[in-house]
1. Could you tell me which numbered condition residue 40 fails, if it satisfies all but one of (1) charged (D, E, K, R); (2) part of a helix (DSSP H, G or I); (3) free of Cβ contacts under 8 Å to residues at least 40 places away in the same chain; (4) more than 30 Å from residue 340 (Cα to Cα)?
2. Need pairs with beta-carbon distance below 7 Å; first residue more than 18 Å from residue 136 (Cβ to Cβ) and among the β-branched types (Val, Ile, Thr) and within segment 150-166, second assigned to a helix (DSSP H, G or I) and modelled with pLDDT of 85 or more; sequence gap 6+ or separate chains.
3. Which one of these is buried (at least 20 other Cβ atoms within 10 Å of the Cβ), part of a loop (DSSP other than H, G, I, E, B) and of a type outside the set (Phe, Trp, Tyr): 245, 259, 264, 238?
4. Is there a residue being touching a strand residue (DSSP E or B) at 6+ places or on another chain (Cβ under 8 Å), without any contact (Cβ under 8 Å) to a residue 40 or more places away in the chain and within 16 Å of residue 187 (Cβ to Cβ) anywhere in segment 244-262?
5. Only one of (1) without any contact (Cβ under 8 Å) to a residue 24 or more places away in the chain; (2) part of a helix (DSSP H, G or I) is not met by residue 212, so which one is it?
6. So, in segment 337-366, how many residues would count as being of a type in the set (Asp, Glu) and in contact (Cβ under 8 Å) with a residue 24 or more places away in the chain?
7. Test residue 380 against the stated conditions and say whether it is assigned to a loop (DSSP other than H, G, I, E, B) and touching a helix residue (DSSP H, G or I) at 6+ places or on another chain (Cβ under 6 Å).
8. Restricting to helices (runs of 4 or more DSSP H) lying wholly in segment 279-343: which have 3 or more residues that are in the same structural domain as residue 255 (by TED's automatic domain parsing), closer than 26 Å to residue 357 by Cα and among the basic types (Lys, Arg)?
Amino acid sequence: MIRYIADWVLPINGPVMSPGWVDVEGGTVVGLGRADSMGRSVAPVVSLGPTAVLPALVNAHTHLELSDLRGVIPPASSMPDWVGHLLSNRASLRRPDSTKIKEAIAEARASGTGLFGDIGNTMAAVPELVMAGVGARFFCEILAFPDEGAASVVDRVVEKVCVVARTDGLRFGLAAHAPFSVGRSAFEALGEAARTTVCGPRSIHLAESPQELEFLKTGGGPWRELLERLGRWDPSWVVPECGPVEYLDRLGWLDGNLVAVHGVQLTDAELDLLAKRGATLVTCPRSNEWTGVGHPPISRFIRSGIRLAVGTDSLASVPDLNLFTELRRMRRLAPEVPAHQLLACATVAGAEALGFGEMYGTITRGHRAALIGVKAPAAIGNVEEYLLGGIDSGQVFWLEQE
């Protein structure tokens, strides 16, 4: 057993302990408390001094297979324009670069991320996540528009997941890309597979751009034009003439397993319905700005009561995978939200959404000792607020490697 003593211990599910201590044994947290409650330790003691100890951060949404596109795709004025650049650049690549994926994981680890919610159209990131020994929920993503052949596409993906899941330690899930790129048959097949075969969380990009709302209400706009250019438009598709949340509700997708990503265009009523159904929303503020969809309404998200997690999205739309930088942007967008609520978005909310709440997200007895230390000035008055001000990887270290 090792006892770590630090000026600040942030369990996330309780108040800051200043100073505080954490006991770790065999990779598990076995005790914690305030320094004034600390009994005599028979174990080695490591005094960390002016350091904030907190659980590993959770990047609830990224696309590691796009890591070789860092700095390649410029910021865009609209999501369809950005996607056009993405598609043209991906077409020139034979396959995702495993070295770049490995480097991206290491970079995220260096800035304190210990659990990933990764989405991929290929399995390229899976072996790299396994080799890195990190916690991860890998969502196999489906793009299937039109409906013809969609069910067989889903069946092939599910079969592949079941084979890999028997050999690798990370957890798997399924994802529908977005309401404008997945037809009804694929939604139904994914829903059935999520209930019966690949159980657990399922993900979707939802209410990200104004053009998505236009497509669902009218059947037209830039997303329709893109589908036509790609030869993927289905003239038999029935326009739902509603918003994205109502559309998912009709498809039976609104429940506690839903991990909806972005949500920049969600109304208060839609947020309320998602919250009531127990869904999670993942916000990616820097990516939203890069892709031209606007700034996420962080304060409205928090007020709705929905479980709000945070992700970086991919290196195709952000310069780095540092979640502390994402938290700094959230603080700027929502200056009135208590600091502890924003820190919870990057820890416990993401862990619970990805199905790892029993292991990650808080400093709790029995949880995995995936703990990071952040070096901080000794004289700071509010350590939680300090952590929202921007932390670079040089300030971060791991207390105990898993």
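The values are calculated or read from the model by the stated rules, or taken from the named source; none is laboratory data. This is a predicted model, so every value here is computed, not measured. When we count neighbours, we look across all protein chains shown, and the Cβ atoms used for this are built from the backbone with ideal geometry, even at glycine.
1. (2)
2. What qualifies is 153/186; 154/186; 154/189; 154/190; 154/193; 158/193.
3. Working: 245 fails: part of a loop (DSSP other than H, G, I, E, B); 259 fails: part of a loop (DSSP other than H, G, I, E, B); 238 fails: buried (at least 20 other Cβ atoms within 10 Å of the Cβ).
Just a single option satisfies the conditions, and that option is 264.
4. The first filter runs over segment 244-262 and keeps only residues touching a strand residue (DSSP E or B) at 6+ places or on another chain (Cβ under 8 Å), leaving 244-245, 248, 253, 257-262.
Those still in the list that are without any contact (Cβ under 8 Å) to a residue 40 or more places away in the chain too: 245.
Narrowing further to those that are within 16 Å of residue 187 (Cβ to Cβ): 245.
There is at least one residue in segment 244-262 that is touching a strand residue (DSSP E or B) at 6+ places or on another chain (Cβ under 8 Å), without any contact (Cβ under 8 Å) to a residue 40 or more places away in the chain and within 16 Å of residue 187 (Cβ to Cβ).
5. Here residue 212 clears every test but (1).
6. Looking only at segment 337-366, we keep the residues that are of a type in the set (Asp, Glu), and these are 352, 358.
Then drop every residue that is not in contact (Cβ under 8 Å) with a residue 24 or more places away in the chain, which leaves 352.
Number of matching residues: 1.
7. On the way: assigned to a loop (DSSP other than H, G, I, E, B): yes; touching a helix residue (DSSP H, G or I) at 6+ places or on another chain (Cβ under 6 Å): yes.
Answer is yes for this residue.
8. Working: elements: 285-290, 298-304, 323-333.
Hits in segment 279-343: 323-333.
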